[in-house]
1. So, in nm, how far is label C57 from label S110 when the simple model puts each one 7 Å beyond its Cα toward the Cβ?
2. Taking H placed 1.01 Å from N in the peptide plane, check which residues at least 5 places from R75 or on another chain put their amide H under 5 Å from its amide H.
3. Within the set of other residues whose C-beta is less than 13 Å from the C-beta of V112, count the net charge using Lys and Arg as +1 and Asp and Glu as -1.
4. If you take every residue apart from R70 with its C-beta less than 14 Å away from the C-beta of R70, what net charge results, scoring Lys and Arg +1 and Asp and Glu -1?
5. Can you list the residues of segment 61-88 with backbone N under 15 Å from a point 7 Å past the Cα of D97, pointing along Cα to Cβ?
6. Quick one: accessible area per residue over segment 38-138, 1.4 Å probe, rounded to a whole number of Å²?
Amino acid sequence: MIDKRERVVRTFNALHPASMALAVLALVLSWAVLPPEAEAQGVEDGQALFQRRCSGCHALDADHEGPRLRGVVGRAAGSVKTFQYSDALKNAKHTWDEANLDKWLTDTESVVPDNDMSFRVPKQEERVAIISYLKSLSTP
Ligand code: HEC
């Protein structure tokens, strides 16, 4: 005969490994939700990097030395009507996406030869952060 208390103890012992498994599952799930946070971090860094590296020539909503950049991800190259582009960029036929922005910031000449932007971002992690910031401004 198993008395009541023993049954409770047995049930607890049976549950214990299960709750361990649940705890592990919770931990794995918390890792699974990390990527969006990491991306948010990238956007934050990207904003600071944009200020440091790009804002000398670019603003988001006004043309300076370079054209306004809000909404550039998904925008046709050389298409800001109010900006005086080089002939090279004016005649470019591509749309800016993450891949060609990465190439552009690595070496603008490799995307549009003879363009007027003489600036590079050699560090990949900085390019990724800046592009994810620009992208966050492009999605409505
Ligand atoms: C020294 C000034 C300067 C700096 C710094 C600079 N740019 Fe530019 N950028 C320009 C100029 C000038 C153009 C226009 C080039 C042309 O007409 O050929 C341009 C064009 C661009 C374009 C093409 C936009 C379009 O409408 O087709 C993108 C994208 C761009 N810049 C991104 C950046 C980013 C991101 C940074 C910072 C990492 C940056 N630029 C830093 C001067 C600069």
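The values are calculated or read from the model by the stated rules, or taken from the named source; none is laboratory data. None of these values were measured; they are calculated from a predicted model. Positions of Cβ are backbone-derived with ideal geometry, glycine not excepted, and every protein chain shown enters the neighbour counts. For accessibility, only protein heavy atoms count, side chains too; no ligands or nucleic acids. Shrake-Rupley method; radii C 1.70, N 1.55, O 1.52, S 1.80 Å.
1. Inter-label distance under the simple model: 1.7 nm.
2. Correct list: W96.
3. -2
4. Residues near R70 contribute +1 overall.
5. Residues 73-77 fall inside that zone.
6. Computed with neighbouring chains in place, this is 58 Å² per residue.
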